[in-house]
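Have a look at the structure below, then the notes.
The values are calculated or read from the model by the stated rules, or taken from the named source; none is laboratory data. These numbers were taken from a predicted model, which means no experiment stands behind them. Glycine also receives a Cβ, built like all others from the backbone with ideal geometry; neighbour counts cover every protein chain displayed. Calculation scope for accessible area: heavy atoms of the full protein, side chains included, ligands and nucleic acids excluded. Shrake-Rupley method; radii C 1.70, N 1.55, O 1.52, S 1.80 Å.
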Amino acid sequence: MGFFSGLLDWLDERFPIKAFYKKHFSEYYVPKNLNAMYVFGVLAMLLLFNQLITGIWLAMSYTPTAAGAFASIQYIMRDVPYGWLIRYMHTTGASALFIVLYIHVLRGLLYGSYQRPRELVWLLGMTLYFIIMIEAFMGYLLPWGQMSYWGAQVITSLFGSIPVIGKGLEQWVRGDYLVSGVTLGRFYALHIIAFPILMGLLVYLHLSTLRHVGSNNPQGIDIKKHVNKKGVPLDGVPFSPYFITKDILAIAIFLFLFYAVIFFFPDGFGFILEKANFEPANPLITPVHIEAAWYFSPFYAMLRAITFSLFGLDAKFLGMVVMLSSVLIVFFVPWLDKSPVRSIRYKGYLSKCFLCVFVVSFLVLAVMGSLPVGKTTTWVSQLATLGYFSYFLLMPWYSRVEATKPVPERVSP
Amino acid sequence: MEEKINKSRRRFLIGSTTALGVVGGVGATVPFLCSWQPSDATRASGAPVQVDVSKLEEGQQVTIAWQGKPVWVLRRTAQTINDLPKLNAQLVDPFSSVDQQPAYADNLYRSIKPEYLVLVGICTHLGCSPNYQPNSAADDNAQWYGGYICPCHGSRFDLAGRVYKHYPAPTNLVVPPYYFKSDRVIVIGIGQNAKGEV
Amino acid sequence: MRRAILITLFSCFFSIVAVAGGSDQGVMTPDFSDQASLQRGLKIYSNYCSGCHQLSYMRYKEISIDLGIPNALFEENLLPKYARMGSQITATMASVDAKRWFGAKAPDLTLEAKRRSPNWIYHYLQGFYQDKSRPLGVNNLLLENVAMPNVLEHLQGQRLLQCQQEEKSLKSGHNCRTVAGKIKGTVSEQEFKQIAYDTANFLAYTADPSRFQRESLGLKVLLFIALFCVFAYLLKKEFWRDVR
């Protein structure tokens with residue numbers, strides 16, 4: 001005992017471990033009324049860690065060349081001991097990460113977690129999400145299957161739709177006339193080195209800004225208003241042990257579901273590993289039914305929904321603008337929401353209706369993006385795109401005019 | 001807060017959950033550690049290989065790859081075979097007492113048939129591959145009837161792969177498992193005693 | 001209330017699964033525990049397919065272990081002369097020749113069951129029929145203008161296409177089937193179905209060889225995590241008793 005406390009003191013003199021533990025764990029006060037929606041942040045972090053470790057192990061056996069990529073995946077799946085497990089953890093982890101992130105963002109929208117003073121937390125989180133989207137897109141090319149190849153082909157073609165500089169930009173991004181081994185090489189380097197470093201930095205910033213302002217809660221009540229003599233919030237409980245034990249339980253339940261998919265449904269019924277991706281990339285033949293990975297499906301549907309030209313700009317360019325702004329507009333929510341209350345519980349009917357419209361539109365778009373193009377899917381997608389954007393664009397209006405309920409002073413358990 | 005805290009229950013739950021967590025954490029590292037084992041592709045390259053020695057002239061050596069390692073097959077001349085016992089005084093381990101060869105090659109010639117020498121061509125010092133120097137008269141005072149000289153640190157071996165004294169390599173060169181499938185064909189990778197079982 | 005919704009959702013889900021599973025009687029489900037079937041599938045692959053189609057991501061050794069065929073027996077009867085047990089299964093026909101003879105490269109079959117489905121292979125093998133307009137004299141219900149000859153024809157016998165007239169509005173192929181032609185095969189219709197099943201089953205295995213290890217390991221891992229969940233739940237509950 002003496003030895004360890006001695007060692008701890010020695011360390012603490014040189015690096016303030018004890019103060020850190022106090023500040024972020026034992027004396028970091030979290031609202032006691034957080035519900036299950038609040039565990040998805042820690043799950044996202046767990047999954048990012050999973051992606052990092054399994055990614056490093058995959059990189060050990062993967063070959064980033066057009067000739068060798070597809071076969072090296074099969075080498076990992078068959079010849080490398082436990083390679084199949086490590087790869088399934090990576091592929092399932094990617095899909096799980098997006099599920100977790102979508103719920104995490106929805107939680108923020110529900111309880112107004114983006115409002116003052118948490119705007120920066122929101123901006124950093126959204127930037128992180130945007131980076132993760134690009135990371136996932138580039139990682140998707142690496143298996144070098146038909147779906148990988150043509151997905152990358154379609155998305156890089158979007159650069160070509162930009163007026164004047166488009167064509168040059170498209171070739172510059174690919175480094176070739178079409179997506180090729182050159183593109184694969186640069187996507188690989190960015191996927192395994194550049195973006196992970198960027199993501200690490202953003203996770204750190206997202207977390208440290210959050211720790212500075214403290215967590216919001218389902219009632220949107222500021223717990224720092226009511227403190228005891230020592231300055232401890234009356235409605236807060238220390239992160240350790242209460243939220244440590246809660247997060248451990250959440251992680252345990254999550255891991256059960258996660259490994260159930262990995263061990264028993266690793267293909268995810270064609271959603272995690274698409275059928276067409278079991279065929280090596282062939283630049284001469286496009287598969288009949290090409291679709292985006294499910295987690296990009298809503299955005300892909302919006303891209304396809306724009307079938308008309310406007311203001312002298314062609315549909316292809318407009319589609320890209322709509323798709324890009326559908327992600328970018330979420331960044332501005334802290335300034336679009338004019339409501340005096342944070343949580344949806346005290347907002348009016350209009351806010352509730354528009355949030356419903358938003359969620360339904362998003363889900364409908366996800367389904368539309370995975371169906372083949374047709375007349376019906378196009379107009380349904382157009383309608384859902386309108387629904388998606390109306391939530392954001394009309395927010396300054398409906399959040400101001402609606403009647404809100406009074407927010408209680410103290411949280412109720 | 002009115003209820004009394006049951007400290008021992010708490011301690012038990014913390015202990016058991018932590019213990020399970022540690023077991024789970026260690027278990028999770030197993031696949032990652034195991035995946036560093038040689039893959040099936042590597043193991044396939046380690047499968048036994050056959051060498052046809054019928055075309056080998058006296059004094060000629062061929063190098064083949066087994067497990068990715070260089071393996072030498074040398075057809076020794078009668079002169080070489082006669083010279084081997086003369087060297088004993090200069091060698092670290094002339095009678096092969098260190099276990100660097102299968103039992104069936106544990107003899108003066110370090111081979112099944114005196115005429116054919118089979119060796120793993122990797123220096124027992126730090127893993128370089130020595131060069132075959134059948135005749136070159138060495139410039140020092142040691143008796144030299146031809147052998148192997150390692151380019152990295154100068155270790156010397158005779159034509160039975162036995163190491164000379166006063167050089168860095170500690171032991172004789174390794175004799176891999178092998179057997180004669182016929183008079184002409186040597187199989188490297190499976191020992192004589194395992195023959196017929198596979 | 002919440003419970004009621006969950007129960008409704010669950011029962012909906014399972015009834016959909018049940019309907020989907022029961023509606024089409026021709027659906028084949030791979031059964032990896034049926035080693036005899038997998039071994040028969042391997043035999044059919046070796047005798048009829050392996051000349052043109054590779055299984056280039058599989059190794060002979062892996063098959064001999066997974067299918068319970070003793071090493072020596074496999075080496076003697078199933079291993080080609082040029083190959084070793086550790087080698088991958090490559091075809092004897094060069095792809096250049098294939099392109100010249102059949103107009104297309106014969107696809108690698110290792111992942112075919114994942115790319116299409118075991119069920120597709122099962123029906124494809126039974127879907128050949130006589131078609132004089134094609135260079136090889138045969139066509140297929142599932143793969144129009146197929147470039148592969150019907151290598152199992154002497155087993156199955158010649159089949160003829162029969163389409164229902166009244167439902168022409170539907171897509172062609174959907175309301176068509178094949179019926180026995182003049183030249184009979186050497187096996188009965190039921191036996192041929194079994195042959196198609198075994199082949200599809202074997203190819204389902206080659207597409208997913210980790211499944212043997214995966215499901216047995218998965219069960220242990222899930223049981224362990226479930227146990228951990230119980231302790232984590234009790235621990236959380238114990239601490240949160242403090243919070244009112």
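Against the globular-protein guess of 2.2 N^0.38 Å, express the Cα radius of gyration of the stretch B:61-117 as a ratio, rounded to two decimals. Before the final figure, lay out each step's value.
Details: Rg = 12.4 Å, N = 57, 2.2 N^0.38 = 10.2 Å.
For the stretch B:61-117, the normalised Cα radius of gyration comes out at 1.21.
Here B:K55 is the anchor, and the lysines within straight C-alpha reach of less than 30 Å, apart from those fewer than 8 places off in the same chain, are B:K69, B:K86, B:K113, B:K181, B:K195, C:K81.
Taking the longest Cα principal axis of chain A as reference, the axis of helix A:195-213 is set at about 20 degrees. To the nearest ten degrees, helix B:7-34 and the longest principal axis of the Cα atoms of chain B are 30 degrees apart.
Interface residues of the stretch A:243-288, defined as those losing at least 30 Å² of solvent-accessible heavy-atom surface relative to the isolated chain (probe radius 1.4 Å), are listed as A:T245, A:K246, A:I248, A:L249, A:A252, A:F256, A:Y259, A:F263, A:F264, A:K275, A:F278, A:E279.
Any chance you could list the semi-axes, whole Å, largest first, of the equivalent ellipsoid that the Cα gyration tensor gives for the stretch A:139-264, using √(5λ)?
Value: 46, 22, 13 Å, ordered largest first.
Given C-alpha coordinates of the stretch B:1-61, what is the ratio Rg to Rh with the Kirkwood estimate of Rh? Present the calculation step by step, with values, prior to reporting the outcome.
Details: Rg = 29.2 Å, Rh = 17.9 Å.
Here Rg/Rh amounts to 1.64.
The interface between chain A and chain B buries about 1000 Å² of solvent-accessible area in total (1.4 Å probe, ligands and nucleic acids excluded).
With distances taken between every two different alpha-carbon atoms, the stretch B:44-188 has a Kirkwood hydrodynamic radius of 15.2 Å.
Straight-line reach from A:K18: which aspartates and glutamates have a Cα under 16 Å away, not including same-chain ones fewer than 8 places off? Here the aspartates and glutamates satisfying the reach criterion relative to A:K18 are A:D9, A:E27. Of A:S381, A:F331, A:V359, which is farthest on the positive side of the dipole of the stretch A:297-413, counting Cα position, with +1 on Lys and Arg Cβ, -1 on Asp and Glu Cβ, and the Cα centre as origin? Result: A:V359, furthest along the dipole toward the positive end. The Cys residues in chain B with no partner Cys Cβ within less than 4.7 Å of their Cβ are B:C34. Its convex hull of Cα atoms gives the stretch C:33-226 a direction-averaged projected area, equal to a quarter of the hull surface, of 14.7 nm². Looking at the protein assembly as shown, the accessible area is 52 square angstrom per residue; that uses a 1.4 Å probe and ignores ligands, DNA and RNA.
Taking only the alpha carbons of the protein assembly as shown, we obtain Rg and Dmax values of 34.5, 109 Å in that order.
The solvent-accessible area of A:R400, taken with every protein chain present and a 1.4 Å probe, is close to 150 Å².
C:R134 sits with roughly 60 Å² accessible to a 1.4 Å probe, with DNA, RNA and ligands left out of the calculation.
Of C:I225, A:I155, the order by accessible heavy-atom surface (1.4 Å probe, DNA, RNA and ligands excluded), from most exposed downward, is A:I155, C:I225. Computed from Cα atoms, the angle from the helix A:315-331 axis to the main principal axis of chain A rounds to 10 degrees.
How large, in percent, is the carbon and sulfur part of the accessible surface of the stretch A:297-413 at a probe radius of 1.4 Å?
Working: 4470 of 6020 Å².
Answer for the stretch A:297-413 is 74 percent, counting heavy atoms of protein chains only.
Taking the Kirkwood radius as Rh and the Cα radius of gyration as Rg, the stretch A:284-397 has a ratio of Rg/Rh equal to 1.04. Buried surface between chains A and C: roughly 3100 Å² of accessible area, summed over both sides, computed with a 1.4 Å probe on protein heavy atoms only. Within the straight-line cut-off of under 21 Å between alpha carbons, the lysines reachable from C:K132 are C:K182, C:K184, sequence neighbours fewer than 8 places apart in one chain being disregarded.
Of the trypsin sites (Lys or Arg not before Pro) found in the stretch B:18-98, those in coil by DSSP whose Cβ has at most 15 other Cβ atoms within 10 Å are B:K55.
Suppose accessible area is computed on protein heavy atoms with a 1.4 Å probe; arrange C:R100, A:R87, B:R184 from highest to lowest. Spell out each step's value before the answer.
Values: C:R100 160, A:R87 30, B:R184 130 Å².
So, going from the largest accessible area down, we get C:R100, B:R184, A:R87.
What pairs in A:K230/A:K405; A:K225/B:K4; A:K32/A:K347; A:K246/A:K352 have C-alpha atoms more than 25 Å from each other? Check vs 25 Å cut-off fails for A:K230/A:K405; A:K225/B:K4; A:K246/A:K352.
What would the Debye equation give as log₁₀ I(q)/I(0) for the stretch A:23-139 at q = 0.10, 0.12, 0.21 Å⁻¹, counting only Cα atoms as equal point scatterers? For the stretch A:23-139, the Cα-only Debye profile gives -0.43, -0.58, -1.19.
Computing Rg and the Kirkwood Rh from the Cα coordinates of the stretch A:117-159 gives a ratio, Rg/Rh, of 1.20. Sorted largest first by accessible area at a 1.4 angstrom probe radius, with every protein chain in place, the residues A:W57, A:W144 fall in the order A:W57, A:W144.
Just so you know, the averaged projected area of the alpha carbon convex hull for chain A sits at 24.7 nm².
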